[in-house]
Amino acid sequence: MASARPPHPDAREDSAAVTVAAAIREKISRALSPLHVELEDDSARHAGHVGARTGGETHFDLLVVASAFAGLTRVARQRMVYAALAEELAGPVHALALRALTPAEAEAAGIRLKQS
């Protein structure tokens with residue numbers, strides 16, 4: 001019989017109460033110190049599709065504005081975000097539409113920054 005896996009070091013006793021969206025926001029904030037984050041659960045639009053679950057939290061649109069992205073390519077920025085969200089992307093999140101911008105790019109796009 002296989003032994004039980006020990007809890008992950010970042011696991012919380014109340015982890016069942018933490019939503020996927022809350023985990024995403026927390027991990028992005030911790031990893032990137034963003035100036036602005038917009039996260040939308042887009043799961044309802046994908047109901048009945050592969051990867052969709054009852055209750056949602058499987059498909060997200062994420063906008064992150066962070067100075068940490070300065071000088072990086074789009075792919076490098078995405079890799080930073082994916083690394084921060086590795087656990088979610090390996091499990092509950094089926095799809096993530098991502099925009100990763102610098103503050104200057106966000107300003108040029110007319111995005112009003114609000115502290116995350």
> Looking at (1) at pLDDT 95 or above; (2) at negative phi, can you tell me which one Ser33 breaks?
Replying inline: (2)
>> If I go through the range 84-103 residue by residue, how many of them are surrounded by fewer than 18 Cβ atoms within 10 Å (Cβ to Cβ) and of a type in the set (Asp, Glu)?
In response: 1
>> Criterion first (on the phi < 0 side of the Ramachandran plot, assigned to a helix (DSSP H, G or I) and crowded, with 17+ Cβ neighbours inside 10 Å) does Ala106 satisfy it?
In response: yes
> Are there any pairs, at least 6 apart or on different chains, whose C-beta atoms fall under 7 Å, with the first in the range 52-80 and modelled with pLDDT of 95 or more and the second hydroxyl-bearing (Ser, Thr, Tyr), and if so, which?
Replying inline: Ala66/Ser33; Ser67/Thr102; Ala68/Ser33; Phe69/Thr102; Ala70/Thr102
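The values are calculated or read from the model by the stated rules, or taken from the named source; none is laboratory data. If you're wondering where the values come from, they're calculated on a predicted model, not measured in any experiment. Cβ sites come from the backbone with ideal geometry, for glycine too, and all protein chains shown count toward neighbours.
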